[in-house]
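See structure below.
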Amino acid sequence: MLKPRAHLIDSCTLQIEYGVDLNKAIDVVPRVEKILQNEQNLVDFRETTFDCANFAHGHCYFSQGDDIVFVFPERCIGYLPAHKKIFLACEMSNWGNANKLSQWQLHGMNLLGKKRLGLRINRFLLNSPFPFQFISSAGDWYGPDSSTPNIQISEIGSLNFIFDPHVTGNNVLQYHLTLNITVGDSLIVQLSNDCVLDVDFSPWISSLDDDVPLGAIVGKSTTSFRIFAPRADCVRVAIFSKKAPQPEYYSLQQSDTGVWHSEVRKCLEGYYYYYQILSKENDGWENSPMILDPYAKAALSSKGPGIVIAHGPSETSEDGFITPDPKDLIILEVHLRDLLAHAPMNLSAEERLNFSGLTKYLADKKCYLRELGINCIELQPVQEFDYSSKEEYHWGYMPANWFCPSSAYADNAGNATQVQDFKGMIRSFHKAGIAVILDVVYNHFGDSNHLQNIDGEYYFRHGKNGELLNFSGCGNDFRTESPMARRLIMDSLEHLVRTYNVDGFRFDLAELLGMEFLNILQKRLKRVKKSVILIAEPWSFRGNIGVSMRHLPYSIWNDEYREFVKNYVCGNGNSNGLRYFLCGSLDFRSVFPSQSVNYVASHDDRGWVDNITENPHHNGGAPTDNDLRRTRLAFAILIMSVGIPMVTAGQDFLFSKHGVSNTYNRGDLNALDYRLLDVHQSTHDYFKNLVKFRLSKRGTILRLSQVPNKTYFHFFPSATNSACALAYNADGTFGNGQLIFAINPHFSEATIDFKEMNLKQCTTLADEEQFFHDDRIIFDKIVDNRLILPPLSCRIYWAK
């Protein structure tokens, strides 16, 4: 028999999980007592009563007569695609094939007055425990969240429901209490003379929510401080300045929602501040750490203190820049200091570290970013992150605060110049015609973990033994199931859009944010800025939700594309796979053309040329002729693929990390060596011309806004190897012009039969070496309308 447990769900709902199933709620009448401290500091008890009890079905299954009813999670209904069927996925239904078997389909039913989806199975067929999830007819998976009572973490880190025949969902009762309960109270439950339970308040605390403004709020003659700290016993704020470095302390008062607040009758703009919290973990102010306000708008460093900022309307919101439509994007992933370290212009050593240095570089018409012709950059993390000295280099994926631009990139962090420095940089990008996507890290916090010092149980996910979960690989996983944790993320994103006019976000390890929250998040951001660009890295060490995310309006990093193209250009792929990716992964992975973010390399792992080089030890520092040709083939595939093309900075001039696979703190290896632009000028120019072509009128054929008819593409595979060709606009959707892309990744000639299409009426736009500035009559060998492609080559044709 399982040990009973008691939880407070909200201020008046007590939930008891009994060790065995109960036939009727009235069979057990617990005694509930509130523990009080009297004037002599002695423990006293006050008995409370309840006026009703109901079964709770949080397990997603329950017993009913001779049946077990499996129920689709209520929280998932909001983002269930229309007209999609749901099936029970488990070992008995062959997991991913369950959606092909009608006997495992869930059907509409009435449960406690609500319309739900459920499946009845005779309980005598279910003799032993087993894991399960739900799967849609489209292949989307729906599992538990971390608050589910019957959760199982598999060996690969995926979350499953667990069915147990001895716990059939009728072992949990909820009682409505009549005694007033507050967050700071304690309760015990007596089930029998020898069974007394302490009531766990965590479910209630985890559900606390409040929409009052948080942080330091500046008025004309007052400054208010508010912080959410539901388990704190006492909270105080310390305020000081450069001129008056001795802190003044002000006590905060707690509200019923866990928010602590205080008002100082003085405008404190520019002052420094930090919080201290007393709780069960520390027994005096001297043992209480200094906490950086999670809502601080600027900070002296990642460790704090915060700086009081009075934010007005965004100065960048009227810069006239129009965020490109996702279908028109060509993204360059870049790190601020990698761009500036060796930038060929007159910058001071300090400027090469800062936002202001990038602003100055962007003003130069010879700036690499402007000269390349891309229209969007994806900037690696610039929110406040861990660092020990300003000069320290790393990628920034260990956040300390989500509102503050990094103090490490400020001209003068003590005066909070990072706010204006960052605004100026965004304006400069927009003036250059380049949209700005921020790489944001909301799945975990860094070592300066101020949220852990505020309330680690509320903000971070824990295992059954109380240990921090770590599917981020960075020590903790942020708990997006909690309302105020969600609000912290959404408020910071809205702040970045409204204050800095950021164009979009790429969400690092988005799998850990969860499908439910990602859906809520996109709705909130679309209300703030309709044109906001949303991109997700859909995996973590727990799993990959790339396919499940298809029905959300996010563009998604396509790691399958990356691996396939890398292998294909080395002669190890297949033609049908290339067709799938050239057509935007629309056969399976994507449901709209700009959903797939197509890339062959990113900041992670080795550089592109290191992955495909013929040299030993993955060192592409001196690329071979075949390395160069394969790089141009990959660029051609990338630009000719439906979706959003993305390259990493320096990829166009064969930037190499010399075989090192993890360079998160290697500024010496990551800094762009612009001298390679001269060495590999032809490859750089080739990519520039591909970018220009994709953004041209003819390139409209590649930049689709809607899913095309199947007749839009016409595929021509080689009969002997993986060489192939694809015709775009084959059905004339965009009028009388067609693009044809042909490629041969092998060391021998390849023959492609174009059948009824007359190739001799085509003109050549590009091959694997160059783009032609005029339409050239086709110069390739053609026999009976069969194209003979040379080794390691490609062609882009225009057919009228």
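The values are calculated or read from the model by the stated rules, or taken from the named source; none is laboratory data. In this text the structure is predicted, and so the values were computed from the model without any measurement. Positions of Cβ are backbone-derived with ideal geometry, glycine not excepted, and every protein chain shown enters the neighbour counts. To get the accessible areas, we keep the full protein, side chains included, count just its heavy atoms, and leave off ligands, DNA and RNA. Shrake-Rupley method; radii C 1.70, N 1.55, O 1.52, S 1.80 Å.
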Under a 1.4 angstrom probe, counting protein chains only, how are Thr222, Thr764 ranked by accessible area, largest first?
Thr222, Thr764
With each pseudo-label sitting 7 Å past Cα toward Cβ, what's the Asp325-Arg75 distance in nm, one decimal?
3.7
Please compute the modelled spin-label separation between Gln253 and Asp774, points set 7 Å along Cα→Cβ, answer in nm with one decimal.
8.3
Two-decimal log10 I(q)/I(0) for the range 128-270, as the Debye equation yields it once each C-alpha is a single scatterer, q = 0.09, 0.10 Å⁻¹:
-0.56, -0.65
If each K or R counts +1 and each D or E counts -1, the residues other than Ala622 whose Cβ falls under 14 Å of its Cβ total -3
Points 7 angstrom from Cα along the Cβ direction at Asn346 and Val660: gap in nanometres?
3.2
Peptides 741-749, 291-299: what's the order by average Cβ count within 10 Å, highest mean first?
291-299, 741-749
Using only the Cα atoms of the range 184-258, what do you get for the radius of gyration and for Dmax, in Å?
18.7, 64
Relative contact order (percent, whole number), the range 237-345, Cα cutoff 8 Å, 6+ residue spacing:
18
Which of Val189, Trp204, Phe228 sits closest to the plus end of the dipole of the range 175-231, meaning its Cα is farthest towards the positive end, when Lys and Arg get +1 and Asp and Glu get -1 on the C-beta?
Phe228
For the range 580-704: Kirkwood Rh in Å [reciprocal of mean 1/r, alpha carbons]:
15.3
What residues qualify as long-range amide H neighbours of Asp477, i.e. H under 5 Å apart, gap of 5 or more or another chain, H built at 1.01 Å from N?
Arg461, Leu469
Taking the Cβ-Cβ separation of His617 and Phe541 as r and a Förster radius of 30 Å, what is the calculated FRET efficiency to the nearest 0.05?
0.65
Debye log10 I(q)/I(0) for the range 645-787, one point scatterer per Cα, at q = 0.14, 0.22 Å⁻¹
-0.85, -1.41
23 Å Cα-Cα reach of Lys114 towards lysines, excluding residues that sit fewer than 8 places from it in its own chain:
Lys24, Lys84, Lys85
For Lys760, the aspartates and glutamates lying under 19 Å Cα to Cα, once residues fewer than eight places off in the same chain are dropped, come out as Asp774, Asp775, Asp780, Asp784
Can you pull a Stokes-Einstein diffusion coefficient for the range 381-452 at 37 °C (0.692 mPa s), Rh from Kirkwood over Cα pairs, as a whole number of µm²/s?
252
With contacts defined as alpha carbon pairs under 8 Å and 6 or more residues apart, what's the relative contact order of the chain in percent?
9
Can you show me the helix-derived [θ] at 222 nm for the chain, built from DSSP H runs with n ≥ 4 at -39,500 (n - 2.57) apiece and divided by the number of residues, rounded to the nearest 500.
-5000 deg cm²/dmol
Give me the net charge for the shell around Arg461: Cβ to Cβ below 12 angstrom, other residues only, Lys and Arg +1, Asp and Glu -1.
-2
Below 15 Å, Cα to Cα, which aspartates and glutamates can Lys115 reach? Residues fewer than 8 away in the same chain don't count.
Glu74
Provide the solvent-accessible area of Glu457, counting protein heavy atoms only and rolling a 1.4 Å probe, rounded to the nearest 10 Å².
90
Using eta = 0.692 mPa s and T = 37 °C, Stokes-Einstein with Kirkwood Rh from Cα pairs puts D for the chain, in µm² s⁻¹, at 112
Students sometimes get this wrong: rank Arg694, Arg527, Arg5 by accessible area, probe 1.4 Å, all chains present, largest first.
Arg527, Arg5, Arg694
The range 486-617, Kirkwood Rh and Cα Rg, ratio Rg/Rh at 1.03
Taking the C-alpha atoms of the range 289-370, how large are the radius of gyration and the largest Cα-Cα span, Dmax, in Å?
17.0, 48
The answer for the per residue Cα convex hull volume of the range 421-531, in Å³, is 118
Using each residue's phi in the range 739-748, evaluate 6.51 cos²θ - 1.76 cosθ + 1.60 at θ = phi - 60° and report the 3J(HN,Hα) Karplus result to the nearest Hz, with x for Gly and Pro.
9, 10, 10, 10, 8, 9, x, 9, 7, 10
Can you tell me what the convex hull of the Cα atoms of the range 602-665 projects to on average, as an area in nm²?
4.3
Residue pairs, from the table Lys390/Lys657; Lys280/Lys390; Lys303/Lys657; Lys3/Lys464; Lys242/Lys280; Lys390/Lys566, whose Cα atoms sit over 26 Å apart
Lys280/Lys390; Lys303/Lys657; Lys242/Lys280; Lys390/Lys566
Tell me, what is a quarter of the convex hull surface for the C-alpha atoms of the range 640-725, in nm² with one decimal?
9.1
Signed unit charges on C-beta, dipole axis of the chain, positive-most listed residue Gly735, Asn567, Gly543:
Gly735
Could you run the Karplus curve 6.51 cos²θ - 1.76 cosθ + 1.60 with θ = phi - 60° over the range 221-226 and give me ³J(HN,Hα) per residue in whole Hz, x for Gly and Pro?
9, 9, 9, 9, 10, 9
Using the Kirkwood radius over Cα pairs, work out the Stokes-Einstein diffusion coefficient for the range 523-578 at 10 °C and 1.306 mPa s, in µm²/s as a whole number.
117
³J(HN,Hα) across the range 84-95 via Karplus (A = 6.51, B = -1.76, C = 1.60, θ = phi - 60°), whole Hz, x for Gly/Pro?
9, 8, 10, 10, 7, 10, 7, 5, 5, 9, 6, 6
Electrostatic dipole magnitude of the chain [Cβ: Lys, Arg +1; Asp, Glu -1; Cα centre; debye, to 20]:
2460
If you keep only loop residues by DSSP, which trypsin sites (Lys or Arg not before Pro) in the range 429-472 have at most 16 other Cβ atoms within 10 Å of their Cβ?
Lys464
Charge dipole of the chain about the Cα centre (unit charges at C-beta), most positive-ward option of Leu704, Gln276, Ser492
Leu704
Length gained if Leu101 through Asp605 is fully extended, taking 0.36 nm per residue and subtracting the Cα-Cα distance, is 177.4 nm
